[in-house]
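Asks: Below is a structure I'd like to ask you about.
The values are calculated or read from the model by the stated rules, or taken from the named source; none is laboratory data. Predicted model, so just to flag it, every value in this text is computed and none were measured. Neighbour counts are summed over all protein chains in view; Cβ atoms, including those assigned to glycine, are modelled from backbone coordinates with ideal geometry. These area figures cover heavy atoms from the full protein model, side chains too; ligands, DNA and RNA do not enter into them. Shrake-Rupley method; radii C 1.70, N 1.55, O 1.52, S 1.80 Å.
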Amino acid sequence: MDDRKLLVLKAIVDHYIKTGQPLSSKTLLEDYGLRVSSATVRNDMKYLEKRGLIRKEYSSAGRLPTERGYRFFVDWLVQLSELTRHDQHAIMQSYRFQRQQIEELLRQTAFLLASMSGYAGFVLSPRLEETRLESIAFVKLDEENVLVVVVSELGIVEHCMIRISLSPDELQEISALINEKLRGHRLDEVRREAMQFAQGDGWHDPTLQNAFALLKETLERRLQRRLHVEGFFRLLPSLLEEGLELTKALEVLTILGDADRSSSYLESLSSPEVRACIGSENDLRELRSCSLVLMAYGFSGVVGILGPIRMDYSKAFAITSYIGNRLRTILTLSHWEQMPTLAREVD
């Protein structure tokens, strides 16, 4: 396909994304500055139509992109897309003051994706069991409640409350034992060892038994995957504008709420580079009226945007790529004190 036909396809896709209306040869010549005749443009449109990249709804109408046309457009043009310096700076400022809690970080990331794209943003949490234990601490809050703080190699603090009646000295001894024996082990290995010791298969020291019982309970709570989704009600009007029935649009919300099913699917699609899954390319029936733009950011985590098939793919790719790479960088920093250096990158 020559450059002029590519530009005609780009114009048709751009026009439909912005207006939801087909593009005629006359409007294309008037608004997009092609210095050729109307007959040449019509011939180019016929060429694109024969190859299934565009279609027309009736004989006198302009052309609309097909799913195949979107795919061709995505494969050819998205590499040219990048965020403005202003948008890059806004993203860095949003991350700059995040506290060291992974769930807050991921929720903020999903919100950023949604607010910047105008569609739904999602973040699948990393597989924490693939990370290594840095340290663990038990903090006595009252007679029955203990705060458990687990730090993985991601440099992110995980914490939860558990009920147990041990003295502060006993808790300090427990954390020292665990840190000495298990620092540097993968969290899935730590959980398996904790289960064995908690069941009496390890050392028979009561304090150590308590230590691993606490650790087992903590890890079982915190290693579950989470799918953070923001902005569904930004997406809903776009789906309805494309003629999707409300019941079908709500099915999209239902599948996003099914964390086990949607998480497995999103992880199966992801790669270190941004990719798109357009309309019927989706294996999940509920998502065939939508498009996904997504990428992996490390430790099997996935970040992305869910939008209508008539999505602004260039913008979605640029947002997903930039935010996904920033999240990857944050999670691989050894200490959060290095965050100001990141913020200066776009100053």
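Asks: For the chain, with the dipole built from +1 on Lys and Arg beta-carbon atoms and -1 on Asp and Glu ones, taken about the Cα centre, which of 308, 237, 66 lies farthest toward the positive end?
Replies: Farthest towards the positive end: 66.
Asks: Rounded to the nearest 500, what is the chain's calculated 222 nm mean residue ellipticity when only DSSP H runs of at least 4 contribute -39500 (n - 2.57) each, over all residues?
Replies: Computed ellipticity for the chain at 222 nm equals -16500 deg cm²/dmol.
Asks: Here is a follow-up. Please report the net charge: other residues with Cβ closer than 9 Å to the Cβ of residue 48, K and R +1, D and E -1.
Replies: Overall, the nearby charge balance is +3.
Asks: When a/c reaches 1.5 or more, the comparison of a/b and b/c decides; with that in mind, is the stretch 1-72 rounded, prolate or oblate per its Cα gyration tensor?
Replies: Note, shape of the stretch 1-72 comes out rounded.
Asks: Okay, next question. What's the ranking of 266-277, 316-327 by average number of surrounding C-beta atoms within 10 Å, highest first?
Replies: Answer by packing, highest mean first, reads 316-327, 266-277.
Asks: For residue 75, what accessible surface area do you get with a 1.4 Å probe? Give it in Å², rounded to 10.
Replies: For residue 75, the solvent-accessible surface is approximately 90 Å².
Asks: While we're here: Considering only protein heavy atoms, what is the solvent-accessible area of residue 229 at a probe of 1.4 Å, reported in Å² to the nearest 10?
Replies: Here the accessible area works out near 50 Å².
Asks: Calculated from the structure, semi-axes √(5λ) of the Cα gyration tensor in Å equals which of (1) 46, 24, 17; (2) 80, 18, 17; (3) 51, 20, 15?
Replies: This structure yields the entry labelled (3).
Asks: Among 252, 289, 279, which residue has its Cα furthest toward the positive end of the charge dipole of the stretch 218-309, with +1 on Lys/Arg Cβ and -1 on Asp/Glu Cβ?
Replies: 252
Asks: Listed here are the pairs 56/315; 18/315; 50/248; 10/248; which of them are more than 23 Å apart at the Cα?
Replies: Pairs exceeding 23 Å: 56/315; 50/248; 10/248.
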